[in-house]
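As structure tokens, the structure follows; a few thoughts come after it.
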Amino acid sequence: MMKNIKTVFAREFKSYFDSPVAYVFLVAFLVLVGFMTFGVAMFYERRQADLTPFFFWHPWVYLLLIPASTMGLWADERRNGTIELLLTLPITLWEALIGKFLAAWAFIAIALGSTFPIVLTTAWLGDPDCGAVFCGYLGSLLLAGAATAIGVFASSLSRSQVIGFVTALALTFTLLIIGFDPVVNAVAGWGVPAALVNAVASCSLMSHFESLRRGVVDFGDIGYYIGVIVFMLAAAQVVTENRKAS
Amino acid sequence: MNKEDNKMLKVDNLKKNFGDFQAVKGISFSVGKGEVLGFLGPNGAGKSTTMRMITGFIPPTSGTASVCGHDITTDPVAAKACFGYLPENAPSYRSMTVEDFLTFIAGVRGFHGKAGKEKVEAVIAKARLSNVAKQTIDTLSKGYRQRTCFAQAILHDPKVLIMDEPTDGLDPNQKFVVREMIKEMSADKAIIISTHILEEVDAVCTRAVVIAHGELKADGTPAELKAMDPSGKLDVVFRNLTMEKEGV
């Protein structure tokens with residue numbers, strides 16, 4: 001079981017680096033995050049040694065880039081006919097699915113990890129709360145995992161990468177926006193019952209990220225992300241099982 | 001040991017419906033060790049659908065198949081470990097090199113590290129891929145791509161080999177090479193080859209079944225099939241068997 005997942009993972013992970021796409025992606029990620037942090041959120045001008053302006057933009061950068069990195073995971077297998085090869089090898093669909101998901105997540109983790117100079121900079125200039133930094137990274141990684149699982153599901157729907165990209169983008173955007181503070185506040189202002197607003201917002205990828213970003217490790221938040229990942233992979237499993245030949 | 005136990009591949013009343021359309025209407029046959037079975041039929045007869053059911057890629061509507069005694073519907077992983085499969089159009093991961101691709105297949109087949117390396121080297125020699133081993137599959141000619149996919153099917157020296165149109169689109173020399181490779185391996189394997197190229201039957205097959213419109217029309221040695229028409233020609237027999245329902 002583990003060996004098969006590892007084999008699928010290794011192939012998929014390496015295939016990211018077989019083409020220049022991986023490097024374009026990593027550069028795009030760093031440029032976007034850097035621009036948002038320094039240019040828009042005014043990281044230096046705030047004169048505070050914390051990474052709030054850095055983490056604040058992660059959901060929006062992921063929104064754009066994760067669908068792009070996951071759109072081919074299953075769509076390419078269908079388009080090239082390799083799905084017939086992969087699923088007639090002595091592995092289960094779950095092993096293939098988990099291997100692919102972990103490869104895509106690990107790739108995002110590398111992008112996220114390569115932002116470490118900003119932590120060093122902050123530590124050099126001031127005295128940031130290491131716990132909060134750790135929580136921010138943990139939250140960002142979990143958020144990326146959930147977005148990746150959504151991308152895996154979207155990619156499993158058809159042989160078209162475009163459909164995979166747009167579906168993942170739409171799903172992730174919806175799950176972000178329902179918990180985005182300005183939107184939540186606006187909706188609450190329309191006289192919608194607070195309980196309903198809060199219930200919907202609590203399903204959002206955003207609200208759970210917010211609390212982790214503030215340095216609070218709540219097992220509810222971690223459980224939420226794991227739940228989203230498991231649900232999305234299960235959905236991808238059902239779709240692939242039923243439509244693999246089409 | 002009775003004769004049936006020698007049958008490494010058994011297909012038992014396989015049926016497949018796509019909506020209202022019956023693509024495969026109950027096909028049964030079996031293949032034993034040392035046999036090369038030609039699976040003949042016109043385009044759209046249900047050949048690929050049947051192969052996909054045998055290999056567990058798509059589930060049958062009813063019926064089943066078993067490979068080396070493992071039922072494909074109830075014990076798919078064990079059954080899949082026993083056969084090698086060359087799907088139609090010989091798909092492979094185009095951005096990988098031949099060597100990396102075969103190493104991946106070896107890993108999935110349970111050969112890691114040194115054992116995997118040995119298997120890959122052996123199969124590269126066997127499939128005559130030595131001079132392209134380090135190239136990405138994308139850059140190869142169709143003949144080499146076909147052989148790369150053929151190599152992944154025989155890497156683990158399977159008891160059962162299932163090939164969907166293995167020589168389709170190849171030039172005469174490439175066809176010759178593939179057929180030679182099939183003959184070299186046929187002694188200790190059960191092999192099934194789907195094709196609509198009738199010359200294939202004379203070239204490699206010890207037995208052939210003919211299907212049309214999802215039904216089995218004939219099952220016999222090439223000589224027996226030829227004897228079904230006074231002309232003694234396989235293409236005439238094939239036409240008689242597969243075109244009657246169209247009323248031509």
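The values are calculated or read from the model by the stated rules, or taken from the named source; none is laboratory data. From a predicted model like this one, the values you see are computed outputs, not experimental measurements. Ideal geometry is used to build each Cβ from the backbone, glycine not excepted, and the neighbour counts take in all protein chains shown.
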- Task: Check residue A:50 against each of (1) outside any helix (DSSP H, G or I); (2) in contact (Cβ under 8 Å) with a residue 60 or more places away in the chain; (3) buried (at least 21 other Cβ atoms within 10 Å of the Cβ) and name the one condition it does not meet.
- Result: (3)
- Restricting attention to segment B:213-237, which residues are in a helix (DSSP H, G or I) and acidic (Asp, Glu)? B:224, B:235
- Query: Within segment B:50-76, which residues are free of Cβ contacts under 8 Å to residues at least 60 places away in the same chain, outside any loop (DSSP other than H, G, I, E, B) and under 16 Å from the mean Cα position of the chain (by Cα)?
  - Reply: B:52, B:53, B:65, B:66
- Task: Please enumerate the residues belonging to segment B:158-212 that are charged (D, E, K, R) and in a helix (DSSP H, G or I).
- Result: B:175, B:179, B:180, B:183, B:184, B:188, B:199, B:200, B:202
- Note on the structure: Output for Cβ contacts, cut-off 9 Å, separation at least six or different chains, first residue in contact (Cβ under 8 Å) with a residue 24 or more places away in the chain in segment B:192-205, second of a type in the set (Ser, Thr, Tyr) and part of a helix (DSSP H, G or I), reads B:194/B:48; B:194/B:50; B:204/B:186
- Message: Please verify whether residue B:214 is in contact with a helix residue (DSSP H, G or I) (Cβ under 9 Å, 6 or more places away or on another chain) and at pLDDT below 85, treating the condition exactly as stated.
- Response: no
- Message: Name the residue that is farthest from the other protein chains (Cβ to nearest Cβ), counting only residues in segment B:22-63 that are within 16 Å of residue B:213 (Cα to Cα) and of a type in the set (A, V, I, L, M).
- Response: B:40
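Results for (1) touching a Gly at 6+ places or on another chain (Cβ under 9 Å); (2) at pLDDT 90 or above; (3) of a type in the set (Phe, Trp, Tyr), shown as yes or no for each residue.
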residue	(1), (2), (3)
A:10	yes, yes, no
A:41	no, no, no
A:84	no, yes, no
A:97	no, yes, no
- Query: In this structure, is residue A:213 over 30 Å from residue A:245 (Cβ atoms), among the basic types (Lys, Arg) and surrounded by 15 or more Cβ atoms within 10 Å (Cβ to Cβ)?
  - Reply: yes
- Query: So, of the residues in segment A:126-143 that are outside any helix (DSSP H, G or I) and not charged (D, E, K, R), which turns out to be farthest from residue A:215 (Cα to Cα)?
  - Reply: A:126
- Message: Show me the helices (runs of 4 or more DSSP H) entirely contained within segment B:79-157 in which 2 or more residues are closer than 30 Å to residue B:7 by Cβ and away from every other protein chain (no Cβ under 11 Å).
- Response: B:113-126, B:142-154
- Name the residues in segment B:87-112 that are buried (at least 20 other Cβ atoms within 10 Å of the Cβ) and in contact with a His (Cβ under 9 Å, 6 or more places away or on another chain), would you? B:105, B:106, B:109
- Only residues that are surrounded by 17 or more Cβ atoms within 10 Å (Cβ to Cβ) and away from chain A (no Cβ under 11 Å): list them for segment B:68-78, please. B:68
- Note on the structure: Here, helices (runs of 4 or more DSSP H) confined to segment A:144-246 with at least 3 residues that are free of Cβ contacts under 8 Å to residues at least 40 places away in the same chain and among the small types (Gly, Ala, Ser) are A:181-189, A:194-201, A:219-243
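Residue by residue, here is whether (1) within 14 Å of another protein chain (Cβ to nearest Cβ); (2) farther than 21 Å from residue A:97 by Cα; (3) surrounded by 21 or more Cβ atoms within 10 Å (Cβ to Cβ); (4) touching a residue at least 24 places away in the same chain (Cβ under 8 Å) holds:
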| residue | (1), (2), (3), (4) |
| --- | --- |
| A:1 | yes, no, no, yes |
| A:4 | yes, no, yes, yes |
| A:19 | yes, yes, no, no |
| A:23 | no, yes, no, no |
| A:36 | no, yes, no, yes |
| A:56 | no, yes, no, yes |
| A:60 | no, yes, no, yes |
- Message: Regarding segment B:238-245, can at least one residue be identified that is in contact with a Gly (Cβ under 8 Å, 6 or more places away or on another chain), in a loop (DSSP other than H, G, I, E, B) and either in contact (Cβ under 8 Å) with a residue 60 or more places away in the chain or surrounded by 16 or more Cβ atoms within 10 Å (Cβ to Cβ) (or both)?
- Response: no
- In segment B:16-45, what count of residues is obtained for those that are surrounded by fewer than 23 Cβ atoms within 10 Å (Cβ to Cβ), touching a residue at least 60 places away in the same chain (Cβ under 8 Å) and small (Gly, Ala, Ser)? 5
- Right, residue A:135: in contact (Cβ under 8 Å) with a residue 24 or more places away in the chain and over 22 Å from residue A:241 (Cβ atoms) or not? yes
- Residue within segment A:63-73 that is more than 14 Å from chain B (Cβ to nearest Cβ), out of contact with any Phe, Trp or Tyr (no Cβ under 7 Å at 6 or more places or on another chain), in contact (Cβ under 8 Å) with a residue 40 or more places away in the chain and surrounded by 21 or more Cβ atoms within 10 Å (Cβ to Cβ) present: yes
- Sort out which residues of segment B:1-49 are touching an Asp or Glu at 6+ places or on another chain (Cβ under 8 Å), within 23 Å of residue B:168 (Cα to Cα) and assigned to a strand (DSSP E or B), and write them in order of number. B:38
